[in-house]
Amino acid sequence: MRAATVRALTVLSLLPAAIALSPGAVAIDVQPGSRLWINGSSTVRSFECAAASFDTNIQSAPGTVAALASGEKVVTAVEVTIPAAQLDCKNGTMNEHMLKALKAKANPNIVFNLASYDLVPQNDGLRITLNGQLTLGGVTKPVTIVTTGKPEADGTLRVAGTHEVRMTEFGLKPPSLMLGTMKVDEKVKVSFDLLLKD
């Protein structure tokens, strides 16, 4: 009985790898030049924090760019992970306060997982509505992000969008600097400009 249980657990542990390697499943690569950044404002000035690096796991059927451009829903999974420590606000003090506000020590990653999406073909590309879960500071909430998709001449698909996030909705306190004279607004905008290729 115990041996059967071990065999069953072994098979279950191998299922994700088997699915990932199954015929027809392909990983979509994010190309150089892709960007992800956060814009915000404060009582003193506005700021921008760019993600120096981030990880993506996008699974799809072959021929993704052409299929999406024609309105076919071929993407099966999307996960984007941003290490909070990779956010650079071009100011050491601001970086430190931002990491503290994001509770990065206990929750080092910001993660988006796609649940579903809708495509609407337009004259110059696609209108893509992404429904998923955003995890920020250890709190996960549903989000809907409206993006645009546009096939490029080099065979890539440019997907771009902006989503406003209220930090307090995730239990986060906006940074406060210079003895409170500079207070960051709780609303920040997360923007991305991704070049995808299969």
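No value in this document is a laboratory result; all are computed from the given coordinates. On a predicted model such as this, the values are computed, not experimentally measured, just so you know. Neighbour counts run over all protein chains shown; Cβ positions are idealised from the backbone, glycine included.
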| said: Using a 7 Å offset from the Cα along the Cα-to-Cβ direction at both Thr81 and Val26, what is the distance between the two label points in nm, to one decimal? | reply: 2.4 nm
| At Glu164 and Ser70, where each label point lies 7 Å from the Cα along Cα→Cβ, what is the point-to-point distance in nanometres? | 3.9 nm
| request: Return the distance in nm (one decimal) between the two label points of a simple spin-label model at Lys100 and Val44, each offset 7 Å from Cα along Cα→Cβ. | output: 1.3 nm
| said: Report D for the range 96-148 in µm² per second (integer): Stokes-Einstein, Kirkwood Rh on Cα pairs, 37 °C, 0.692 mPa s. | reply: 258 µm²/s
| request: Among the trypsin sites (Lys or Arg not before Pro) in the range 103-198, which ones are in a DSSP loop with at most 12 other Cβ atoms within 10 Å of the Cβ? Mind listing them? | output: Lys105
| said: Please compare each pair in Lys100/Lys141; Lys73/Lys187; Lys105/Lys150 to a cut-off of 26 Å on the Cα-Cα distance and tell me which ones are over it. | reply: Lys73/Lys187; Lys105/Lys150
| field | FRET efficiency, Val111 to Ser176 (Cβ-Cβ, R0 25 Å, nearest 0.05) | value | 0.45
| Is the range 64-129 rounded, prolate or oblate when judged by the Cα gyration tensor, a ≥ b ≥ c being the square roots of its eigenvalues, rounded requiring a/c under 1.5 and prolate requiring a/b larger than b/c? | prolate
| note | On each of the three principal axes the extent of the alpha-carbon atoms of the range 24-197, given in whole Å and largest first, is 54, 28, 25
